[in-house]
Every structure is written in C-alpha cells, then in structure tokens.
Amino acid sequence: PHAVLSLSYIQYWFLSFLDAIPSADQIRITTSLKSQRGSVWTKNKSNFEYWEVEVTFRVTGRGRIGADGLAIWFTEEQGLEGPVFGAADKWNGVGIFFDSFDNDGKKNNPGVIVVGNNGKLLYDHQNDGSSQALASCQRDFRNKPYPVRVKVTYYQKHLTVLINNGFTPDKEDYEFCAKVEDMVLPPQGYFGISAATGGLADDHDVLSFLTFQLTEPGKEAPTPDAEIPQKDKEKYQEEFEHFQQELDKKKEEFQKEHPDVQGQPGKLFEQPDDLFETVSDRELRQIFEGQNRIHLEIKQLNRQLDMILDEQRKYVSAVTDEIAKRGAGFPGQQGQVSHQETETLVKTQEEVIRQINEIRNSMADTLRLISGAQHPGSAAGVYETTQHFNDIKEHLHVVKRDIEHLVQRNTASSEKPKCPDLPPFPSCLSTVHFFIFVAVQTVLFVGYIMYR
C-alpha cells in the first residue's frame, strides 16, 4: 500500500466552512454545542481501484448519551453540507456512520452502520438507516480512554470495517465489525469525514485520516504521484492561514457579544442536568454494570451446583442399594468383603457430597461479596473474588481425582473387567465424564468472568 493522505498535511484537504476547527494535531469537526455541522474532504479525487483508510478519532461528551454522530465517506462528489451527519444526502458512494443517538428507540446505539447510495436515495435518519444498512455492528465509541481507530478496506468489491474500540493503547488491536460483499463503488471519488450534533452534543475530533492504495498480488505497483508544486503548497498554506484569521475574528466577536460567558460558550446551550454525568459517575456506573453481570452469572452457577448435588445424592443412593443387593448374595467371608467395599464407597461418596457443599458455600460467599461490596472498584475486592474462583477450581479438581480413584479401586477389586450393571437411572452419562465436564465448564466460566 501507498500512504497518500494525512491530516498532518492539512493543506491537502478542503475544510467545509461550517463548524470545523483545525489545529496543529487534530481537527474538531463539531464542538459540543447544539445544532453543529462540519466536514473535511480531500481536494482532489482519488483514482484508486482498491483502497484502505485508517481513521483515528475521539467522540467525547458530558452526557450519558450523545448526538448525532460521525461519518466516514467515499463519494463521487464532495458532500460539503447536509442533513446526513453534517454531509449532503443523495450521495453516490458509501458512508460508514458512527451513530450516537437512538432515533428509533431500539436501544442499539451507539452503533456502526454501512450505507450505500446510488445518488437517488434519501437517508432514513428517523430509523437510524435500519432499512438501508448493508451491514452494521453495535459498538460504544464515546468517552473512551484512548482514541478509537477504524480501518475500512475496499478490495475486489468487498468492503470490510474493523474497529479498535479505544480500551487499550495497542494500535493494532482491531476486531471485526462489518463486511459487505459485491459492492460496486465509483472508480474515482473523494474521501471525507463529517459530524453533526442535535439537541444533545459531543465533541467530534479527528486525529488522523490515512489513505492507502491496494494492488493485487503480482501486479506492479503504480508509481506515486509527483510531489505537489511549491506554488500550490504556498497557495494552500495561504488559504489555511486566512481561514485561521477568520476563525480568530469570529472568536473575538463572540467574546465581545457575550462577555458574561467568556471562555464558557457552552452556557448558551445548557441542557438538563440529568443528562450529564461526571467522569467518576460514569466509571462507577460501568463498574456496577459489570458487577451486576457477575452477580447474575454466579446465581446461575449456584443453581447448576444445586442440580449437581441433587444428582449426586440420587447416584449415591442407587449405588448403595445395588452394592447391598450384590453383597447379600455372597455368604461368609465374601459377604464381609462386600460390606467393607460398601462402607468405603459410601464414605467416598459422602466426601464427594461434602466437597460439593463446600463449593456451593464458596459460591454463596462470592455472591454475598459482590452483592454487598461497598467499594466495587478496589483491588482487594477483585483479589478476594479471584481467590474464591481459584478455590472453586481446586475443589472441582479434588472431586475429579477422588472419583477417578474410586473407579480404579472398584475395577481392581472386581474379578470382571466390566463394572456391575446399575439399575435404570435417568442419566446415561458416566460419573467420571460428568465431573470432567463440570470441571471443564467451570474453568471456562472462570476464564470468561476474568476476561469480562
């Protein structure tokens, strides 16, 4: 691939003269004020047959919900201004929408939606484009600790969207979001990015927008375009400086007109207090949501352990009755040996029941710990919860080992290699396989909980 565009060279881009604000290291497409629109587009059309773009952005806001969203474009013409996330409707190409607000009330936002258009369709904004979406995925891209990264690839009529959700500093930690097959795009077009706000508002900041040309294996890569002439560079630089001067003048006029809100223009667009939350409130809410999910999972595991205990008791009763019947059929010394084996088996099964009860009690303690935690985010609480899960895993390993030892002992003491037939029993699963399955399932569950 060949990198051709970057926001580091802002003179190669055309800024829509709306609410976009450029700076040295980023472009603020819209500020967190009501009814804002902004967009940035390339000056010239790209003639790539296949391409890939990597976009880094931040969407931040004080509210629990935001609006309206941000869009990445590849269109035949520049959509400088319009109602579709700040860009024009009836575009010919594709738009990847990062929709923050849930217009249709289906609780599937924030989300990522891929919408194609042939220049004739009107975007169904009220339904979040659900009837026009070619592919989509639900991702929360607001208020992340690190910038969100998106990689859009168009290769051999296949459009793929990968996203790095901004939870880690790893720039290559992408996960699959959406894919569209048999998609035909214009052979030449403009790349762009736009954003808009409504009754609610977020800051939409773009940190980088890199474009790459993709070539098929075995084909000779095209030579890169010649460097922009010095005259054009000077012209672009003059345009950029003129834009900054105009922006500074508007800032001064605003401050003169509103001296009481100097430095705090957001007061002109106040929103209800219940729509906002502090950073600490947001972190606590996320912690409690995670604790609630853990609480439900542990409740389910506790119910499963109750079922295991009930099945184990039935199994002990059936095995004891069968061995007692077989022991009664052998007189003298052989009957005495059967009685000893019966006692050993009963004691072993009682030990198994005791250990399962300990597992159940441990799960109950963990449940109480999570339900009554006063400081759910503390390191001590996380350590105690982890220790409880380790104890559970250790108990299940002990149960598995005791069952295997019991089976080996019964096999060695019997003259026949096959185990005695048991009376009809609801379960057709052997004890060893059953406890191995329980142990594996518990280990997977613990790993899933720790991963979440």
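Please give the solvent-accessible surface of PHE288 in Å², to the nearest 10, using a probe radius of 1.4 Å with every protein chain present.
100 Å²
May I ask you to order 242-251, 346-355 by the average number of other C-beta atoms within 10 Å around their residues, highest value first?
On the way: 242-251: 11.6, 346-355: 14.9.
In decreasing order of mean packing, 242-251, 346-355 become 346-355, 242-251.
Taking a ≥ b ≥ c as the square roots of the Cα gyration tensor eigenvalues, with a/c under 1.5 meaning rounded and otherwise prolate when a/b beats b/c, else oblate, which class fits segment 13-216?
Numbers: a/c = 1.25, a/b = 1.22, b/c = 1.02.
Note, shape of segment 13-216 comes out rounded.
Counting only other residues whose beta carbon sits under 10 Å from that of GLY129, what net charge do I get with K and R as +1, D and E as -1? It would help to have the intermediate numbers written out before the result.
Working: positive: none; negative: ASP99, ASP104, ASP124, ASP128.
The answer is -4.
Which whole-number percentage describes the relative contact order of segment 13-216, with Cα contacts under 8 Å and a sequence gap of 6 or more?
36 percent
For a 30 Å ceiling on Cα separation, which of these pairs sit above it: LYS171/LYS250; LYS179/LYS235; LYS90/LYS157; LYS45/LYS179; LYS34/LYS249? Show your work: numbers first, answer last.
Working: LYS171/LYS250 37 Å; LYS179/LYS235 40 Å; LYS90/LYS157 21 Å; LYS45/LYS179 24 Å; LYS34/LYS249 21 Å.
Table pairs above 30 Å Cα-Cα are LYS171/LYS250; LYS179/LYS235.
Find how many whole Å separate the alpha carbon centroid of segment 21-70 from the alpha carbon centroid of segment 132-211.
11 Å
Less than 14 Å Cβ to Cβ from GLY111, Lys/Arg counted +1 and Asp/Glu -1: what total charge do the surrounding residues give? Could you put the intermediate results ahead of the total?
Details: positive: LYS106, LYS107, ARG139, ARG142; negative: ASP68, ASP99, ASP102, ASP104, ASP128, ASP140.
So the surrounding residues net to -2.
How big is the dipole moment of segment 163-252 about its Cα centre under a simple scheme where the beta carbon of each Lys and Arg is +1, that of each Asp and Glu is -1, and everything else is neutral? Debye, nearest 20, please.
Values: 9 positive and 21 negative charges, 43 e Å.
It works out to roughly 200 debye.
The values are calculated or read from the model by the stated rules, or taken from the named source; none is laboratory data. Computed from a predicted model, the values in this text were never measured in an experiment. Cβ atoms come from the backbone with ideal geometry, glycine included; neighbour counts cover every protein chain shown. Quick note on the areas: whole protein, heavy atoms, side chains included, nothing else; ligands and nucleic acids left out. Shrake-Rupley method; radii C 1.70, N 1.55, O 1.52, S 1.80 Å.
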